[in-house]
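Here, each number is a calculation from the coordinates, and none is a lab measurement. A quick note: this is a predicted structure, and the numbers were derived from the prediction, not measured. Cβ placement follows ideal geometry from the backbone for every residue including glycine, while neighbour counts extend to all protein chains displayed.
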Amino acid sequence: MIEVSDLTVRFGGVTPLDRMTVTFERGTCGLIGPNGAGKTTFFNVLSGFVKPADGTVHAFGEDLLRMTHYRRARWGVRRTFQTEQAIEELSVYDNVAMIHEHSKMTGGSRREDVLGAIEFVKLEIDPYARVGSLGAAQRRLVEVARAVVGKPRLVLLDEPAAGLPDEETALLGDVIRAIPEHMGALVILVDHDMSLVSHCCEVTAVLDFGKLLASGPTDEVLRDERVIRAYLGTEEIAA
């Protein structure tokens, strides 16, 4: 469980997070909102890139904000970014192995863990293929493999399906849904594709101008009139 209380971030006169209070239970949780709502800022706080002005974040009973960013990586915080981070000149295996080095897993299990993560995300390619030779959907799966290797506790996925066609997004959604059961991690998914969020997330929170607008079961949240007005437009999402 991730418990966020009164989390506030200020950049000069801008407040991208304004007393955000929300709880994310185990499983895959959605976090949605319009551009500039504070979603990536929230991920940056959890990752240690941004220090909040106020508030607390407790992850599985531990004070996450008291950990340095490198300790958070060893504790089990993993994330993807809106822009790809995998190194194109290196192989898929080496890209995933780089992240494994920062986990608590022993060196003796490294090869097994890395190949297991590649297999888990359904990358049916030579693990020693260079990332730069892969297609867009395969590179996205490499990013997810990097995020799940080494038994993470908290996986933050920042628009992992951006730019993918519907069929490849659906396959990615199946992988994301399986992370909690197979990896034992809590997943927070940020994406603008509401079909992906509906497919993956039992619960969803909505940010609007840094404030929590709604939180609860995904189907109920996507039908909340405030959410529809602020973000989803005038038509509801079909079940």
Footprinting exposure proxy for Phe43, Phe49 (fewest neighbouring C-beta atoms within 10 Å first):
Phe49, Phe43
About the Cα centre, and with charges only on the beta carbon of Lys, Arg (+1) and Asp, Glu (-1), how big is the dipole of the chain? Nearest 20 debye, please.
1060
Where both partners of a DSSP beta bridge lie in the chain, what percent of those bridges are antiparallel, to the nearest 5?
55
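Within the chain, which DSSP H helices have Cα atoms that stretch 24 Å or more along the helix axis and a mean Kyte-Doolittle hydropathy of at least -1.0?
The qualifying helices are 166-183.
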Amide H within-cut-off set for Arg79, under 5 Å, with H built and near neighbours excluded:
Leu156
Dipole of region 44-168, positive end: most advanced residue of Val148, Phe49, Gly163 [Cβ charges, Cα centre]
Phe49
Mind scanning Lys51/Lys211; Lys122/Lys151; Lys122/Lys211; Lys51/Lys122 and naming the pairs with a C-alpha gap bigger than 29 Å?
Lys122/Lys211; Lys51/Lys122
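Would you calculate the convex hull of the Cα atoms in region 109-206 and tell me its volume per residue in Å³?
94
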By average C-beta atoms within 10 angstrom, highest first, the peptides 182-191, 85-94:
182-191, 85-94
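Shape call for the chain from the C-alpha gyration tensor, a ≥ b ≥ c root eigenvalues: rounded (a/c under 1.5), prolate (a/b greater than b/c) or oblate?
Note, shape of the chain comes out oblate.
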Output the relative contact order of the chain, whole-number percent, from Cα pairs under 8 angstrom with separation of 6+ residues.
26
